[in-house]
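Asks: This is the structure I want to talk about, given as structure tokens.
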Amino acid sequence: MTPSNHPAAEMNTVAIPVEAIGKAGRAGGKSGQRGHLKGRQVDDAARALVRSLIGDGPHARDELIEHLHRLNDSQGALFKGQLAALAAEMRLSMAEVIEVASFYHHFQVLDDDEAAPALTLRVCDSLSCAMAGGRELLARLGEALSPQVQVVATPCVGRCEQAPVAVLGQRPLLRATLPAVLQQVAQGDGASHPPAAQAPQAYDPAAQAPCALTRGDEPLSPPWTGLAAYRAQGGYALWRAVVAGQKSAEEVLSEMEASGLRGLGGAGFPAGRKWRIVREQPAPRLMAVNIDEGEPGTFKDRSYLERDPHRFLEGALVAAQVVGVSAIYIYLRDEYHGARAVLQQALAELQDFANESSVGALPPIILRRGAGAYVCGEESAMIESIEGKRGEPRLRPPYIAQRGLFGRPTLEHNFETLYWVRDIAQRGAAWFTGFGRHGRVGLRSFSVSGRVRQPGVKLAPAGITLRELVEEYCGGMAEGHTLYGYLPGGASGGLLPARLADVPLDFDTLQPHGCFIGSAAVVVFSQADSARALAHNAMQFFAHESCGQCTPCRVGTDKAAHLMGLPGTWDHPTLNDLSTVMMDASICGLGQAAPNVIRCVQRYFPEEVGNPGDAS
């Protein structure tokens, strides 16, 4: 070190002149003028509008997406000046608000001098709707409607049994045709999707099982079971017994484990084991319920929810009591406006019942609304969205059972898993295990769509084959159609040819064939369809829905969709390389499962893509 009095110290010293800063401001500034405030300034009218919609603060950070919905519903879009006001009211940066708003498909961010569309018409172009002419309908509507109506393609809206489907505002238009849609647009009938009246009797699918629950000809808003009808048939008796200690948590856990019930959202993790894992974690513990149901071809959760919400709520309450959960968050996809109205009414009934009875206080039940992002069906992405953030999957470990929602141990479940808790606990595990075929055990709710005579939700024995499912529950193939193949688990689950229609449909039975059952979304296609075109449709969906967080998925799905759409023989070496990278290096199941459709077409439908059939 050079001493301060050494000659070298003086030689290396650089004198930096300092200019005094006067009262008028920094040197070089305009005298007497104050500098402009940084950032976008909030307009008083915008602030007043935002306050009228979200109320007085303080506002929690996790309420951001809910507030964006209020603003979007009110104005028809998200204007930047109003977003600046929202950011100020929530004490967030404008960047935080914009990055969340721009992530979700159902939010449209506009400059203040732009105009929101008078109406927005979304036309589904996913698998079942594409087979039913959805893309042709989209093109014709774009030509027939005025520019004041925004016509956009949209991925699956969860009504595949009544394809093709368009959604005007918040109102689905079932089996949509050009004249019918034009008539609805002329009437401007798209503001809301009100639920139907309550049914006089309880809906009880367990008593009818196995059966075809729907056949594709149901009304838009079916009658639903209210609290009085549900309680008249023993509803909430199980929950009250568990709360009162008349039925122990261990008894319920034992029945759940003996039943073999597995997660019915796609992953298939044993429900009873999950309860024990989360129960062993330190309190406070939370629950997150996934009703995002975005897998193309899936609509079972909606079908149950819009008819029988209290059975699901009782299952959630029993799980919360057994596991020791202090709050329940329900994440419902934005496309299910009618089901959301039903659930809101059911929650109000439940709260009144709890207030008037001696059962005790309910845990807080918070209903959160998705905003159009398939990736939020992944459990950690859903949790990010519930927290008011972009729905990007988390790296694991830690697993959400250890550190999930708001950093707390979290019990995450699909809607249908909780829906069966009451029946399993009251009827006994033997009731559930008494169903099954071909060596498999239990019940499965199959969402069946495509070229069948009677599409819909089929509550059938686990292990049933596609051939049996179509013949016994769907009335056979649609007139003039012959089975060519099927997707056993929606867009993610791969494609199988007709010669494999006798494979049992259940967890773990399809993996040897390069597929999986997932959420049991069965899309049936015929000689009128192309497996190649269906695979391309699925890959376009994955490219559209990739959150973009990881490169293998973001680039891989986009590049694969481009290559799959080119005429002629597929570029198999490149597609194989992309598939390997996506499967091995993607963060979540979206990128990991996307290549299934590529490999299945190469393996089972080589004549369509110029493949000799020896691809792995």
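The values are calculated or read from the model by the stated rules, or taken from the named source; none is laboratory data. Every value quoted in this text rests on a predicted model; they were computed, and no experiment measured them. Using ideal geometry, Cβ is built from the backbone for each residue, glycine included, and neighbour counts are taken over all protein chains shown. Calculation scope for accessible area: heavy atoms of the full protein, side chains included, ligands and nucleic acids excluded. Shrake-Rupley method; radii C 1.70, N 1.55, O 1.52, S 1.80 Å.
Asks: For residues that are open to solvent by less than 10 Å² (accessible area, probe 1.4 Å) and either in contact (Cβ under 8 Å) with a residue 40 or more places away in the chain or part of a loop (DSSP other than H, G, I, E, B) (or both), scanning just the range 475-491, find the one that is farthest from MET583 (Cα to Cα).
Replies: Pass one, the range 475-491, residues open to solvent by less than 10 Å² (accessible area, probe 1.4 Å): 476, 485-491.
Among the residues that remain, those that are also either in contact (Cβ under 8 Å) with a residue 40 or more places away in the chain or part of a loop (DSSP other than H, G, I, E, B) (or both) are: 476, 485, 487, 489-491.
On the way: GLY476: 36, GLY485: 24, LEU487: 19, GLY489: 17, GLY490: 18, ALA491: 15 Å.
The residue in question is GLY476.
Asks: Quick one: which residue in TYR331, TYR304 is in a helix (DSSP H, G or I) and under 15 Å from PHE415 (Cβ atoms)? Outline the logic, then answer.
Replies: Numbers: TYR331 fails: in a helix (DSSP H, G or I).
Within the list TYR331, TYR304, the selection yields TYR304.
Asks: Of all the strands (runs of 3 or more DSSP E) wholly in the range 348-467, which have at least 1 residues that are buried (at least 23 other Cβ atoms within 10 Å of the Cβ)? Don't jump to the end; show me each part of the working.
Replies: Working: elements: 365-369, 410-414, 443-450, 456-461.
Filter on the range 348-467 gives 410-414, 443-450, 456-461.
Asks: Filter the range 532-553 for residues that are under 10 Å from ILE598 (Cα atoms), open to solvent by 20 Å² or more (accessible area, probe 1.4 Å) and not basic (Lys, Arg) and give the result. It would help to see each step written out before you state the result.
Replies: We begin by selecting, within the range 532-553, every residue under 10 Å from ILE598 (Cα atoms); these are 532, 535-536, 538-539.
Filter once more, so that each one left must be open to solvent by 20 Å² or more (accessible area, probe 1.4 Å): 532, 536.
The answer is HIS536, and nothing else.
Asks: Shifting gears a bit: In the range 57-69, is there at least one residue being touching a residue at least 40 places away in the same chain (Cβ under 8 Å), touching a helix residue (DSSP H, G or I) at 6+ places or on another chain (Cβ under 8 Å), open to solvent by 50 Å² or more (accessible area, probe 1.4 Å) and assigned to a helix (DSSP H, G or I)?
Replies: Yes; the residues of the range 57-69 include at least one that is touching a residue at least 40 places away in the same chain (Cβ under 8 Å), touching a helix residue (DSSP H, G or I) at 6+ places or on another chain (Cβ under 8 Å), open to solvent by 50 Å² or more (accessible area, probe 1.4 Å) and assigned to a helix (DSSP H, G or I).
Asks: Report yes if some residue within the range 12-24 is at pLDDT below 95, loosely packed, with under 11 Cβ neighbours inside 10 Å and part of a helix (DSSP H, G or I); otherwise report no. Spell out how you get there, then give the answer.
Replies: Filtering the range 12-24 down to residues at pLDDT below 95 leaves 12-24.
Pick out the ones that are also loosely packed, with under 11 Cβ neighbours inside 10 Å and you get 12-23.
Still in the list and also part of a helix (DSSP H, G or I): 12.
Scanning the range 12-24 turns up at least one residue that is at pLDDT below 95, loosely packed, with under 11 Cβ neighbours inside 10 Å and part of a helix (DSSP H, G or I).
Asks: Quick one: in the range 93-107, of everything that is in a loop (DSSP other than H, G, I, E, B) and open to solvent by 60 Å² or more (accessible area, probe 1.4 Å), which residue is farthest from VAL152 (Cα to Cα)? I'd like the intermediate steps shown before the answer.
Replies: Taking the range 93-107 and keeping what is in a loop (DSSP other than H, G, I, E, B), we get 93, 102-107.
This time we only want the ones that are open to solvent by 60 Å² or more (accessible area, probe 1.4 Å), so: 102, 105.
On the way: SER102: 17, HIS105: 11 Å.
Once the filter is applied, the top-ranked residue is SER102.
Asks: Further question: Please give the number of the condition ASP529 fails out of (1) assigned to a strand (DSSP E or B); (2) surrounded by fewer than 24 Cβ atoms within 10 Å (Cβ to Cβ).
Replies: (1)
Asks: For residues in the range 554-570 being touching a residue at least 24 places away in the same chain (Cβ under 8 Å) and under 13 Å from ALA535 (Cβ atoms), which is most open to solvent (accessible area, probe 1.4 Å)?
Replies: Looking at residues that are touching a residue at least 24 places away in the same chain (Cβ under 8 Å) and under 13 Å from ALA535 (Cβ atoms), I get GLY565.
Asks: Being assigned to a helix (DSSP H, G or I) and charged (D, E, K, R) is the filter here; which residues of the range 492-502 pass it?
Replies: Restricting attention to the range 492-502, the residues satisfying the condition of being assigned to a helix (DSSP H, G or I) are 498-500.
Once the filter is applied, which keeps residues that are assigned to a helix (DSSP H, G or I) and charged (D, E, K, R), the range 492-502 yields only ARG499.
Asks: Let me ask something else. Go through the range 119-156 and report how many residues are outside any helix (DSSP H, G or I) and either free of Cβ contacts under 8 Å to residues at least 40 places away in the same chain or under 24 Å from GLY216 (Cα atoms) (or both). Before the answer, list the steps.
Replies: From the range 119-156, those outside any helix (DSSP H, G or I) are 119-126, 132-133, 145-156; that's our starting set.
If we keep only those that are either free of Cβ contacts under 8 Å to residues at least 40 places away in the same chain or under 24 Å from GLY216 (Cα atoms) (or both) as well, we get 121-126, 132-133, 146-156.
Number satisfying all stated conditions: 19.
Conditions tested, residue by residue: (1) touching a residue at least 24 places away in the same chain (Cβ under 8 Å); (2) within 28 Å of PHE107 (Cα to Cα); (3) not acidic (Asp, Glu).
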residue: ALA176; (1), (2), (3): yes, yes, yes
residue: GLN183; (1), (2), (3): no, yes, yes
residue: ALA206; (1), (2), (3): yes, no, yes
residue: LEU213; (1), (2), (3): yes, no, yes
residue: TRP224; (1), (2), (3): yes, no, yes
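Asks: Would you be able to tell me the number of residues in the range 264-301 that are of a type in the set (S, T, N, Q), assigned to a loop (DSSP other than H, G, I, E, B) and open to solvent by less than 20 Å² (accessible area, probe 1.4 Å)? I'd like the intermediate steps shown before the answer.
Replies: Start the filter on the range 264-301 by keeping residues that are of a type in the set (S, T, N, Q), which leaves 281, 290, 298.
Going one step further and asking which of them are assigned to a loop (DSSP other than H, G, I, E, B), we end up with 281, 298.
Among the residues that remain, those that are also open to solvent by less than 20 Å² (accessible area, probe 1.4 Å) are: 298.
Qualifying residue count, the range 264-301: 1.
Asks: Which numbered condition in (1) within 29 Å of ALA288 (Cβ to Cβ); (2) at pLDDT below 95 is the only one that GLY32 fails?
Replies: The number of the failed condition is (1).
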